[in-house]
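The structure under discussion appears below in the form of structure tokens.
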Amino acid sequence: MANALFDALFAPLAARQDDFLILPDGAGLSGAAFLAMVSRQAHALRAAGLGVGDRIAVQAAKSPEALASYGAAVALGAIYLPLNTAYTAEEVAYFLDNATPRIFLCETARRAALEPLANRHGARVMTLDADGGGTLSEAAADQPTTLTPADRGADDLAALLYTSGTTGRSKGAMLTHGNLLSNAEVLAGLWRFTDRDVLLHALPIFHTHGLFVASNISLLTGGRMIFLPGFDLDAMIRLLPRATAMMGVPTFYTRLLDDPRFTGELVRHMRLFISGSAPLLTETHRSFEARTGHRILERYGMTETNMNTSNPYEGERRAGTVGLPLPGVKLRIMAEGAEVRPGETGVIEVHGPNVFKGYWQMPEKTREDLREDGWFITGDVGRADGDGYITIVGRARDLVISGGFNIYPKEVELLLDEQPGVLESAVIGVPHPDFGEAVFAVLVPEKGATLDPEATLAALRDRLARFKLPKAAVVVEALPRNAMGKVQKNLLRNSYRNWFGA
Ligand code: AMP
């Protein structure tokens, strides 16, 4: 046995004297130097007790060293568990308790608060700071720059990625070496990545999008990454001319479009813009094309499955859709136990080498969502058009049931978004004394526009069945979003839950 994931992603860096990472100040880090960092960290982590099958939880700012800790975990056959840097001590306690990692890597500034917690859960603390300093790098400094990776097969676990948990406790999705490698291979081929690509990487690396989709593809194809600690508009504008491709969440694109320095000229040379993790408004797709001539390629995936669908590289990229199932991935849309016809709406299920092994230590949750024959019930509601392009309508749990009728929020949102002065909207269900739930709209005005919520709702009267019409609307400056740009409807539902006094 060997370690196919390490051999495909990391081992080839040994031969690379060119810059694998380009940092915001323009400095570069060669592939060989990065691999040496991975190796030194792996030796230091092994000396600290991390072995095959052990978990390493990492809550650290994005840096080359933080990315190297992922490589070190793969090399050691350990299970990598990245955590959102925004999580509080209380939230971290849950992950430490649930995953019982051997090592917990955090920033020095948080050590005092988190170490007693970690120790209580049997984890040893090491530190890694945004500048690469900390006890891990100290312990790694004198370690060997080469290593023999642990034997791991396709079915062995590589990562525990926790879902964002907007409705309940977050669940640890068990992802195997085979899940990660197969998805990276398919996407790299589909999106035509090569060693000539320079990927502008401004996504966090605690999430599947930045860690697996972006970094794995670049590693696999021998490309380079402009590695930014986060989304910084000035840095993006400055560095886009050096990139050939960019991956982003929809808010990256709207923020770029809001800046007059973002011109067609600036990105004429670019090969590809990819969007995912949250719905890209058709309006954003169109404005982006009008400004730059590029059609953003939208794809759809999730923590549990890596990527599932993508618009084509060549062929039509259809705005408002997430494209077609990836090669090797089967997708079906189900309602009442049967597959629906094109145009009909139902819950999306997927099957393929990308689909995770289940939720860590949650056999019941696993049984609820992952069928015995391998089909995963995504919880996303969608439909396919006649050509097989998939449109995501929303999450099943966001479905509003008012007076016994089902309302898909997206249908109402799309109409609201078309109204004059409306930039975007979120439709939710809130408790109502008569209807059980009432449809409720949260509207964001376009810059400089004043919205009359009543008039906006009135404009929908002839276009929507009565039961779908929002019973009330409010105007807010912006919708609450998480780090990946997803609208946090749970927060909205909470804010307006007493609106009708139910
Ligand atoms: P996460 O597990 O944090 O990656 O979130 C996955 C969820 O994000 C999916 O189940 C979808 O609800 C949503 N999502 C991801 N990509 C898209 C997309 N392109 N359009 C609409 N929703 C998306």
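The values are calculated or read from the model by the stated rules, or taken from the named source; none is laboratory data. In this text the structure is predicted, and so the values were computed from the model without any measurement. Neighbour counts run over all protein chains shown; Cβ positions are idealised from the backbone, glycine included. For accessibility, only protein heavy atoms count, side chains too; no ligands or nucleic acids. Shrake-Rupley method; radii C 1.70, N 1.55, O 1.52, S 1.80 Å.
Any idea of residue 177's accessible area? Nearest 10 Å², probe 1.4 Å.
The accessible area comes out at roughly 10 Å².
Angle, helix 64-76 long axis vs. longest principal axis of the chain, Cα atoms, 0 to 90°, nearest 10?
Tilt of helix 64-76: around 70 degrees.
Tell me which residues come under 5 Å, amide H to amide H, from residue 422 once H is placed; ignore anything under 5 positions away on its chain.
Placed amide hydrogens put 446 under 5 Å from residue 422.
What is the set of long-range amide H partners of residue 473 at a cut-off below 5 Å, with H atoms built 1.01 Å from backbone N?
Answer set, sorted by chain and number: 441.
For the chain, which whole percent of the accessible surface, found with a 1.4 angstrom probe, sits on carbon and sulfur atoms? Spell out each step's value before the answer.
Working: 10220 of 20300 Å².
Here it works out to 50 percent.
Under a straight-distance cross-link criterion of Cα-Cα below 17 Å, which lysines are reachable from residue 468, leaving out those fewer than 8 residues away in the same chain?
Result set, ordered by chain and number: 410.
Using a 1.4 Å probe and ignoring any ligands, DNA or RNA, find the accessible area of residue 62 and quote it in Å² to the nearest 10.
Looks like 20 Å² after rounding.
If you look at just the Cα atoms of the chain, how large are its Rg and its Dmax in Å?
In Å, with Rg to one decimal and Dmax whole: 23.1, 72.
In percent, what relative contact order does the range 12-56 have, based on Cα pairs under 8 Å that are 6 or more apart in sequence?
Worked out over the range 12-56, it gives 28 percent.
Note down the nm distance, to one decimal, between modelled labels 7 Å out along Cα→Cβ at residue 100 and at residue 401.
3.8 nm
Can you tell me the orientation of helix 108-120 relative to the chain, as the angle in degrees between its alpha-carbon axis and the longest Cα principal axis, to the nearest 10?
Helix 108-120 sits roughly 90 degrees off the main axis of the chain.
I'd like the Kirkwood hydrodynamic radius of the range 214-296, using the inverse of the mean 1/r over distinct C-alpha pairs, in Å. Write out the running numbers ahead of the final one.
Numbers: mean 1/r = 0.0755 Å⁻¹.
By the Kirkwood definition, the hydrodynamic radius is 13.2 Å.
What residues qualify as long-range amide H neighbours of residue 159, i.e. H under 5 Å apart, gap of 5 or more or another chain, H built at 1.01 Å from N?
Those qualifying (amide H under 5 Å, at least 5 residues apart or on another chain) are 80, 175.
Show me the three semi-axes of the equivalent ellipsoid for the range 385-502, from the C-alpha gyration tensor (sqrt of 5 times each eigenvalue), largest first, rounded to whole Å. Walk me through the numbers before you get to the answer.
Working: eigenvalues 74, 71, 54 Å².
Computed over the range 385-502, the values are 19, 19, 16 Å.
In whole Å, how far is the Cα centre of the range 102-146 from that of the range 454-471?
Centre-to-centre distance over Cα atoms comes out at 55 Å.
Tell me the label-point distance for the pair residue 115, residue 7, using the 7 Å Cα-to-Cβ offset, in nm and rounded to one decimal.
Between residue 115 and residue 7, the label points sit 4.2 nm apart.
Considering only protein heavy atoms, what per residue accessible area in square angstrom results for the chain with a 1.4 angstrom probe? Please list the in-between numbers first.
Details: 20300 Å² over 502 residues.
So the chain comes to 40 Å² accessible per residue, rounded to a whole number.
Quick check: with the 1.4 Å probe, what order do 277, 215 take by accessible area, largest first? All intermediate terms of the calculation are to be shown ahead of the outcome.
Numbers: 277 25, 215 0 Å².
Descending accessible area places them as 277, 215.
What angle do you read, to the nearest 10 degrees and between 0 and 90, between the alpha-carbon axis of helix 31-47 and the longest principal axis of the chain?
Here the helix axis deviates by roughly 80 degrees.
Set the Förster distance to 41 Å, then compute FRET efficiency between residue 237 and residue 32 from the Cβ-Cβ distance, nearest 0.05. Don't jump to the answer; show the numbers that get you there.
Values: r = 31 Å, r/R0 = 0.75.
It comes to 0.85.
Explain nothing, just the number: relative contact order of the chain, from Cα pairs under 8 Å at least 6 residues apart, as a whole percent. Don't skip to the end; give the middle numbers.
Details: 1058 pairs, mean separation 50.3, N = 502.
Worked out over the chain, it gives 10 percent.
What number comes out for the charge environment of residue 34, summing +1 per Lys or Arg and -1 per Asp or Glu over other residues with Cβ under 14 Å away? Intermediate results must be reported in sequence, preceding the final value.
On the way: positive: 16, 40, 224; negative: 18, 19, 65.
Here the charged neighbours net out to 0.
Once you place label points 7 Å from the Cα toward the Cβ at residue 371 and residue 255, how far apart are they in nm?
Rounded to a tenth, the inter-label distance reads 4.0 nm.
Report the calculated FRET efficiency for residue 458 and residue 434 (r = Cβ-Cβ distance, R0 = 25 Å), to the nearest 0.05.
Numbers: r = 21 Å, r/R0 = 0.85.
After rounding to 0.05, the efficiency reads 0.75.
When DSSP assigns beta bridges and you keep just the ones with both residues in the chain, what percent turn out antiparallel, to the nearest 5? Can you show the working numbers first?
Working: 47 of 79 bridges.
Taking every DSSP beta bridge within the chain, about 60 percent pair in antiparallel fashion.
Please report the antiparallel percentage of DSSP beta bridges with both residues in the range 4-176, rounded to the nearest 5. Please list the in-between numbers first.
Details: 8 of 21 bridges.
DSSP beta bridges in the range 4-176 are roughly 40 percent antiparallel.
Below 8 Å between Cα atoms, with a sequence gap of 6+, how large is the relative contact order for the range 80-162 in percent? Display every interim value, and only then the final one.
Working: 71 pairs, mean separation 26.6, N = 83.
About 32 percent, as a whole number.
Count charges around residue 245 for me, please; just the other residues with Cβ under 12 Å from its Cβ, Lys/Arg as +1, Asp/Glu as -1.
Working: positive: 192, 196, 224, 242, 271; negative: 197.
Net charge in that neighbourhood comes out at +4.
Mind listing the phi-derived Karplus ³J(HN,Hα) values for the range 281-291, rounded to whole Hz, using 6.51, -1.76 and 1.60 with θ = phi - 60°, and x for any glycine or proline?
Result, rounded to whole Hz: 5, 3, 4, 5, 4, 5, 5, 5, 5, 4, 6.
Show me, for the range 188-195, the HN-Hα J-couplings you get by feeding each phi into the Karplus relation (A = 6.51, B = -1.76, C = 1.60, θ = phi - 60°), rounded to Hz, glycine and proline as x.
Each residue's phi maps through the Karplus curve to give 4, x, 4, 9, 6, 6, 9, 6 Hz.
Return the subset of 62/486; 62/171; 330/471; 365/471 for which the Cα-Cα distance in this structure is over 30 Å, preserving the input order. Don't skip to the answer; put the middle values down first.
Working: 62/486 20 Å; 62/171 23 Å; 330/471 39 Å; 365/471 35 Å.
Too far apart for the 30 Å limit: 330/471; 365/471.
Say a paramagnetic label sat at a point 7 Å from the Cα of residue 47, along Cα to Cβ; which residues of the range 126-160 have their backbone N under 20 Å from it?
126-129, 132-150
In square angstrom, rounded to the nearest 10, how much accessible surface does residue 322 have for a 1.4 Å probe?
10 Å²
Would you mind counting up the charge near residue 66? Only other residues with Cβ under 12 Å from its Cβ, with Lys and Arg at +1 and Asp and Glu at -1. Mind showing how you got there, number by number?
Working: positive: 62; negative: 65, 107, 129, 131.
Cβ neighbours under 12 Å give a net charge of -3.
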